[in-house]
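Notes follow the structure.
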Amino acid sequence: MAKTAKPKVVKEPEAPLEPGEKRPTLWDKIVLRKWLFAAVGVHIVFGIIATIWIISSNQQPRKKFMAPGAGPDAAKQGAEHKVSLGRKQSTMSAPEQAKRVTTNSAFAKVALPEMPEMPSATTDVFANRAIGMGGSGTSSGVTGTSGGGGNGGGSGINFFGLRTRAKSIVLLVDVSDSMVMDLARPTAARPGLPAPPARTQAVKGIQTYAALEAEVGRVIRSLDASITFSVVCFAGEVKPYRETLVSATSTEKERAFRFIQQLSPALNAVAEKRKKEREAAGFQTDPGANTSVTGMNHAGTRTMAALEYAFKMNPDAICVVSDGAPTDGGFGGADILTKLKAMQAALPRPAVINVIAYLADGGQKFMADLASQNQGSFKEIKPGMSSFGF
């Protein structure tokens with residue numbers, strides 16, 4: 001099939017200019033079409049204005065900071081600024097108070113750490129009075145005064161709930177036979193008095209002394225390394241762990257506790273029980289054998305002699321635990337208190353004496369006076385106190 005040829009478009013040539021006629025310039029063309037160019041220019045101007053308005057409306061206004069002293073109320077604003085800053089710093093200066101962990105038993109196997117010192121609640125203990133922020137006051141323990149005396153320095157020491165702050169301390173531990181056995185008590189009714197109640201079990205024994213020994217061991221092991229200390233065991237005679245104060249290193253603390261264990265009256269009680277069992281079985285006992293397994297005389301309570309040993313070391317605090325009145329020859333309780341008064345006056349600073357009456361058969365008044373007259377605290381541990389494991 002034959003292709004049809006497309007007709008060619010031929011541009012007509014511009015008409016020739018007349019003689020003396022000029023070709024129109026760009027400006028002539030603009031003037032000729034002025035309304036068209038005016039409409040385009042108006043649209044461009046409106047577009048620019050709309051763009052600026054949209055951008056400015058989307059921007060957030062900036063807050064202006066006025067430096068103190070720039071306004072009419074400069075002094076008032078500066079004072080308010082300082083007060084606000086001071087409140088903020090005061091709330092941030094003290095750390096959050098830790099929750100206190102407590103235990104119902106004084107002889108728990110787990111020794112709880114001391115609470116950290118808080119800058120907003122500093123409390124020092126002086127002669128049964130707690131002096132801190134907000135005032136002062138006294139408080140009572142289970143059967144005596146809680147708290148304790150102190151010289152305001154050193155680390156906190158908690159002995160049977162009696163708290164003391166000291167840099168040096170001596171523990172006096174009664175190891176007499178009566179610590180593991182009850183004294184003889186009447187079983188028949190006296191004239192005009194009702195019959196005493198029948199006792200189903202002994203109040204004191206090896207188990208109660210073991211609880212005491214555990215508490216003494218806990219106190220010794222909890223001593224801070226900055227403290228100096230010693231231990232004195234007393235009964236019919238007196239034996240010190242060291243005659244001078246020693247640093248509370250791990251080695252010294254363990255040696256001191258073993259020293260107390262080796263002089264335990266419970267060892268003699270166990271040996272006496274085995275001796276009776278052997279005699280009942282028909283075995284003969286050597287008359288020359290040493291009756292004391294510990295090699296110490298446990299018959300007696302020489303409290304004054306133990307105190308004299310402690311005073312020679314010049315400690316900040318002395319803690320005494322005993323179960324009865326002193327038996328220091330001709331010295332009675334009143335004589336001991338009078339002598340201690342003179343001994344305290346000879347020291348550079350008085351020693352605080354805290355006293356624990358542990359399942360005492362007597363002598364509670366003397367022990368209470370011993371504490372109160374020497375800036376210390378007194379507590380009596382009685383049978384039936386579940387908090388002490390009885």
Completion exercise
Taking placed amide H atoms and a strict 5 Å upper bound, the residues 5 or more places from C233 or on another chain that come that close are V173, K239, Y241
Exercise for the section: Treat each spin label as a single point 7 Å out from the Cα along the C-beta direction, and report the I54 to A214 distance in nm. Expected result: 8.3 nm
Completion exercise
For the range 208-271, the Cα-Cα pair-distance distribution in 10 Å bins from 0, as whole percents, is 21, 53, 23, 3
Exercise for the section: Could you sort 302-312, 361-371 so that the peptide with the highest average Cβ count within 10 Å comes first and the rest follow in order? Expected result: 302-312, 361-371
Exercise for the section: Starting from the amide H of E380, placed 1.01 Å from N in the peptide plane, find each other amide H under 5 Å away whose residue is 5 or more places distant or on another chain. Expected result: T143, G144, A357
Exercise for the section: Could you calculate the contour length gain from Q262 to K312, that is, 0.36 nm times the residue separation minus the distance between their Cα atoms, to one decimal place in nm? Expected result: 15.6 nm
Practice task
For a quick protection proxy, order the peptides 218-231, 346-359, 248-261 by their average other-Cβ count within 10 Å, most packed first.
Solution key: 346-359, 218-231, 248-261
Exercise for the section: Using amide H atoms built 1.01 Å from N in the peptide plane, name the residues 5+ places from A166, or on other chains, whose amide H lies under 5 Å from its own. Expected result: S155, I157
Handout entry: Sorted peptide list for 321-328, 334-341, 49-56, criterion being average Cβ within 10 angstrom, highest first
Key = 321-328, 334-341, 49-56
Problem - Accessible solvent surface per residue of the range 212-260, calculated while the other protein chains remain in place, 1.4 angstrom probe, Å² - result: 39 Å²
Practice task
With r as the distance between the Cβ atoms of Q77 and R349 and R0 = 51 Å, compute the FRET efficiency 1/(1 + (r/R0)^6) and round to 0.05.
Solution key: 0.40
Handout entry: Estimated vicinal HN-Hα couplings, Hz - the range 249-256 in sequence order (Karplus 6.51, -1.76, 1.60; Gly, Pro = x)
Key = 7, 4, 5, 5, 5, 5, 5, 5
Handout entry: Range of Cα positions in the range 313-390 per principal axis (Å), largest first
Key = 42, 28, 19
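The values are calculated or read from the model by the stated rules, or taken from the named source; none is laboratory data. If you're wondering where the values come from, they're calculated on a predicted model, not measured in any experiment. Cβ atoms come from the backbone with ideal geometry, glycine included; neighbour counts cover every protein chain shown. Accessible surface is based on the protein model in full, side chains and every heavy atom, while ligands, DNA and RNA are left aside. Shrake-Rupley method; radii C 1.70, N 1.55, O 1.52, S 1.80 Å.
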